[in-house]
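The values are calculated or read from the model by the stated rules, or taken from the named source; none is laboratory data. A quick note: this is a predicted structure, and the numbers were derived from the prediction, not measured. Glycine gets a Cβ as well: all are built from the backbone with ideal geometry, and neighbour counts include every protein chain shown. Side chains are part of the model used for accessible areas, which takes the heavy atoms of the whole protein and leaves out ligands, DNA and RNA. Shrake-Rupley method; radii C 1.70, N 1.55, O 1.52, S 1.80 Å.
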Amino acid sequence: MKSFVYFVTALCVFALASCGGGGGGGSSDDSDMDGTSITTTSTTTTTLSSGTGSNAGTSRMEVVELGTGTSFTLPSDVISFVVSAFGEVSSFVGFAALTNPNGEDLFITGNYPLAAYDLALVAESYGNVLVPMVTDHAAMAGEWNFQYYQGTNDVKLTMRTGSTPTSSVLKIKPYLTGTQYSVSDVEGALAILKNIYEKAGLQVELDTVSVLSDSKFQAVSSDFNNIITSEMVSMGSADRINLFFIEDFSGEDAGTLGIAAGIPGSLGIASNRNGVLNSLEAHVLGGALDTQLLGETVAHEMGHFIGLFHPTEKNGVTFDPLADTAECSISMASSALAGPQPSDCIGFGGENLMFWQGDPSIDQTSLTSDQVHIINYSPVAK
């Protein structure tokens, strides 16, 4: 079992220099939680085809409005779910407890309690909990109860139901902004992403690239609460993984390779947390767009959006909660200040798609069985 460490993440920014967590945890004092119980108020359902292959059939993604409730009931054929908390931009929101039908609070029980890793996100205006996010958690049928922080003013549940998945389909909707790069540039990177995930036994279906012609989307902030970024990301399809290829990030964020709206994002819910931003300009090396690096960056950030963390963080003492992802400790780093580099960690996770740092000279496209399991069971997979 992996050592328990404090894992603070709300967003992940991927760069050649770093891919670190943002946001923060919050106090778990019960005085910060709302304990009012309420029943479900409304339901919106979308039925999605799982595509072709060994998992052919139909899975159903259902979004349930819980309002300010503190419980929900899952059916017998539930596969996975994510419960999302929303609040004002100035408020920190999220969850402090999630109890399954057996009376076990996933924050404090099991081999990988969520609280030990701070996997239950508490962040400005949005927080969520995904089940499964670790392989020993299951989306059990029956009544679940939860507690949330006072900044939360709305809770939504996204659940996936159907037969047990064996090879899920990831449906992707790509967008392109600006005029400097072409649809073919994006398609080249998407082909690399598709190959990475299909090599791991997952299926990928790509929608056509939509061009967003409004110049205000050409370069945007990496802050998903920014009014322009929020407007753009909210345009994404609720039932797709939305990938936004922008010319670059604005201001001091320029040069950042990519960022996911959350770990995971607001899967199944059209919102400003329902997408991934990828800079094209930041992937220009030697005067030309490095399509391979762009494809790997997008695949990495999409992994975060679905629910994957870095196997090893820059500090070399923080690791993800999956049992089969290799750890690369700080003692293996050639420079403690720089942290474990991919070249320091060959055979210890440096080749993993989700390693904290990118290196164009190393093939970083591998995924472990546990990582594939989390993706395969994702509420947004089909």
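Remarks
- Filter result for residue 342 (open to solvent by 10 Å² or more (accessible area, probe 1.4 Å) and either more than 30 Å from residue 84 (Cα to Cα) or among the aromatic types (Phe, Trp, Tyr) (or both)): no
- Test: residue in segment 353-368 that is more than 16 Å from residue 264 (Cα to Cα), open to solvent by less than 30 Å² (accessible area, probe 1.4 Å) and not in a loop (DSSP other than H, G, I, E, B): no
- Filter result (closer than 12 Å to residue 244 by Cα and surrounded by fewer than 19 Cβ atoms within 10 Å (Cβ to Cβ)) within segment 184-194: none
- Residue count for segment 249-268 satisfying the condition of being in a loop (DSSP other than H, G, I, E, B) and either of a type in the set (Phe, Trp, Tyr) or under 13 Å from the mean Cα position of the chain (by Cα) (or both): 8.
- Those strands (runs of 3 or more DSSP E) lying entirely in segment 96-160 with at least 3 residues of a type outside the set (S, T, N, Q) and closer than 19 Å to residue 374 by Cα: 126-131
- Tabulated pairs, segment 241-260, first more than 22 Å from residue 288 (Cβ to Cβ), second modelled with pLDDT of 95 or more and of a type in the set (Asp, Glu), C-beta under 7 angstrom, 6+ apart or interchain: 259/301; 260/301
- Residue 226 falls short on exactly one of the conditions (1) in contact (Cβ under 8 Å) with a residue 12 or more places away in the chain; (2) within 28 Å of residue 126 (Cα to Cα), and that condition is (1).
- Cβ-Cβ distances below 7 Å connect the following pairs, each with a first residue in segment 343-360 that is without any contact (Cβ under 8 Å) to a residue 24 or more places away in the chain, a second residue that is β-branched (Val, Ile, Thr), and a separation of six or more residues or different chains: 343/362; 350/362; 351/362.
- Counting residues in segment 173-185 that are in contact (Cβ under 8 Å) with a residue 60 or more places away in the chain, farther than 30 Å from residue 250 by Cα and not in a strand (DSSP E or B) gives zero.
- Only one of the numbered conditions (1) modelled with pLDDT under 95; (2) in contact with a Phe, Trp or Tyr (Cβ under 7 Å, 6 or more places away or on another chain); (3) within 25 Å of residue 287 (Cβ to Cβ) is violated by residue 176, and that is (1).
- The lone exception for residue 295 - which of (1) within 30 Å of residue 179 (Cα to Cα); (2) open to solvent by less than 10 Å² (accessible area, probe 1.4 Å); (3) assigned to a loop (DSSP other than H, G, I, E, B) it fails: (3)
- Candidate set from segment 353-382 (those that are among the β-branched types (Val, Ile, Thr) and touching a Lys or Arg at 6+ places or on another chain (Cβ under 8 Å)); member that is nearest to residue 310 (Cα to Cα): 365
- Only residues that are touching a residue at least 60 places away in the same chain (Cβ under 8 Å) and either in a loop (DSSP other than H, G, I, E, B) or closer than 23 Å to residue 324 by Cβ (or both) were counted in segment 81-95, giving 4.
- When segment 298-312 is filtered for residues that are in a loop (DSSP other than H, G, I, E, B) and either of a type in the set (Gly, Ala, Ser) or in contact with a strand residue (DSSP E or B) (Cβ under 7 Å, 6 or more places away or on another chain) (or both), the ones remaining, listed by number, are 307, 311.
- Out of 379, 311, sole residue that is within 20 Å of residue 243 (Cα to Cα) and surrounded by 23 or more Cβ atoms within 10 Å (Cβ to Cβ): 379
- Of the criteria (1) within 30 Å of residue 239 (Cα to Cα); (2) in a helix (DSSP H, G or I), which one residue 271 fails: (2)
- Within segment 328-352, tally of residues that are part of a loop (DSSP other than H, G, I, E, B) and either within 28 Å of residue 159 (Cα to Cα) or of a type outside the set (D, E, K, R) (or both): 16
- Residue in segment 282-295 that is in contact with a Lys or Arg (Cβ under 9 Å, 6 or more places away or on another chain), in contact (Cβ under 8 Å) with a residue 40 or more places away in the chain and farther than 18 Å from residue 127 by Cα present: yes
- Count of segment 98-156 residues, restricted to those that are open to solvent by 20 Å² or more (accessible area, probe 1.4 Å), of a type in the set (A, V, I, L, M) and at pLDDT 95 or above, is 2.
- Between 270, 288, 254, the distinction of being closer than 24 Å to residue 130 by Cβ and surrounded by fewer than 22 Cβ atoms within 10 Å (Cβ to Cβ) belongs to 270 only.
- Any pair with Cβ under 9 angstrom, 6 or more apart, that starts in segment 315-342 at a residue that is over 28 Å from residue 107 (Cβ atoms) and ends at one that is part of a loop (DSSP other than H, G, I, E, B) and among the charged types (D, E, K, R): 338/314; 339/313; 339/314; 340/313; 340/314; 341/359; 342/351; 342/359
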